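The values are calculated or read from the model by the stated rules, or taken from the named source; none is laboratory data. Treat the numbers as computed from the prediction; the structure is a model and nothing was measured. Counting neighbours? That spans all protein chains shown, and the Cβs are built from the backbone with ideal geometry, glycine included.
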Amino acid sequence: MSRTILDIKDFSMVFGGLRAVDHANMHIDEGEIVALIGPNGAGKTTLFNCVTGVYTPSEGDISVVSPLGKSVRTNGLKPNRITELGLARTFQNIRLFSSMTALENVMIGRHPKLHAGIFGAIFRDSKTRREEEAVIEDSLNILKKLGLEKYANDSASSLPYGAQRLLEIARAMATEPQLLLLDEPAAGMNPQETRELDDTIKRIRDDEGITILLIEHDMSLVMSLSERIYVLDYGKMIASGTPEEVKSNPAVIKAYLGE
């Protein structure tokens, strides 16, 4: 039986008088690909922001099982601490360091794994140099896994749009996450790029053992990828289940998929 690595209970987020998410419950089990769908403004990205420490939930609990197997309540934890627990994310709007190379962008993702202190950085002892060489090698390997190695020395801003989307995923993977949160990874992609993304996400789960939670509006991608789907509407969780169960749910059809 798979262990639950993310558990959200009675979670609400209130901004002033607006209840962006209202008593939502969901869980993600190890090895799953799970989608969170719903109309624009339903509260999906707000939920991501709370899970990753950008916001502190107004009510309820968010718990993560650390790589060591300990359940940790993450309410109020800073984003870097949540990254250490094995969560990484991408964003709706691409947030690459545009003037840096693709390789450098991934190397930045490796930064939390470095051990060299100020002394090592200044004097560049042999241990620090070995660590830097390992970071370069690890980062190149991640680029290869996503088919981006040919862009290693190109500036991020010069990459094709679909490759920039994949580079964001590569940078998130560099933190060695157990759970990868993808916020509209197919946004702006053409059909061919979307098909390649479908294959890539499945490979990340199958080959790297990384659990996936994604927000996505492309329903063909969601239905192809997901083992389970949660549906938010006006901040309320109105349905959950397999793709077939969600697709035939009257509340989902009315709120989102169309009559």
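Observations on the model:
- Conditions (1) within 26 Å of residue 139 (Cα to Cα); (2) among the small types (Gly, Ala, Ser); (3) surrounded by 16 or more Cβ atoms within 10 Å (Cβ to Cβ); (4) touching a residue at least 40 places away in the same chain (Cβ under 8 Å): number failed by residue 226: (1)
- Filter pass, residue 84 being without any contact (Cβ under 8 Å) to a residue 60 or more places away in the chain, of a type in the set (D, E, K, R) and closer than 23 Å to residue 143 by Cα: yes
- Count of the range 111-131 residues which are modelled with pLDDT under 60 and either among the β-branched types (Val, Ile, Thr) or not in a helix (DSSP H, G or I) (or both): 6
- Qualifying positions in the range 50-76 - at negative phi, under 18 Å from the mean Cα position of the chain (by Cα) and touching a residue at least 24 places away in the same chain (Cβ under 8 Å): 50, 51, 52, 54, 55, 62, 63, 64, 65, 67
- Meets criteria (under 30 Å from residue 58 (Cα atoms), at pLDDT below 95 and of a type outside the set (Asp, Glu)) for residue 214: no
- Total residues in the range 179-195 satisfying the condition of being in contact (Cβ under 8 Å) with a residue 40 or more places away in the chain and either among the small types (Gly, Ala, Ser) or surrounded by fewer than 22 Cβ atoms within 10 Å (Cβ to Cβ) (or both): the figure is 3.
- Helices (runs of 4 or more DSSP H) contained in the range 153-259 and holding at least 3 residues within 21 Å of the chain's Cα centre (by Cα): 161-173, 191-208, 219-225
- The residues on offer are 88, 134, and the sole one that is within 20 Å of the chain's Cα centre (by Cα), of a type in the set (Gly, Ala, Ser) and either modelled with pLDDT of 80 or more or surrounded by 12 or more Cβ atoms within 10 Å (Cβ to Cβ) (or both) is 88.
- For the range 1-17, taking the residues that are modelled with pLDDT of 95 or more and among the charged types (D, E, K, R), the one that is surrounded by the most Cβ atoms within 10 Å (Cβ to Cβ) is identified as 7.
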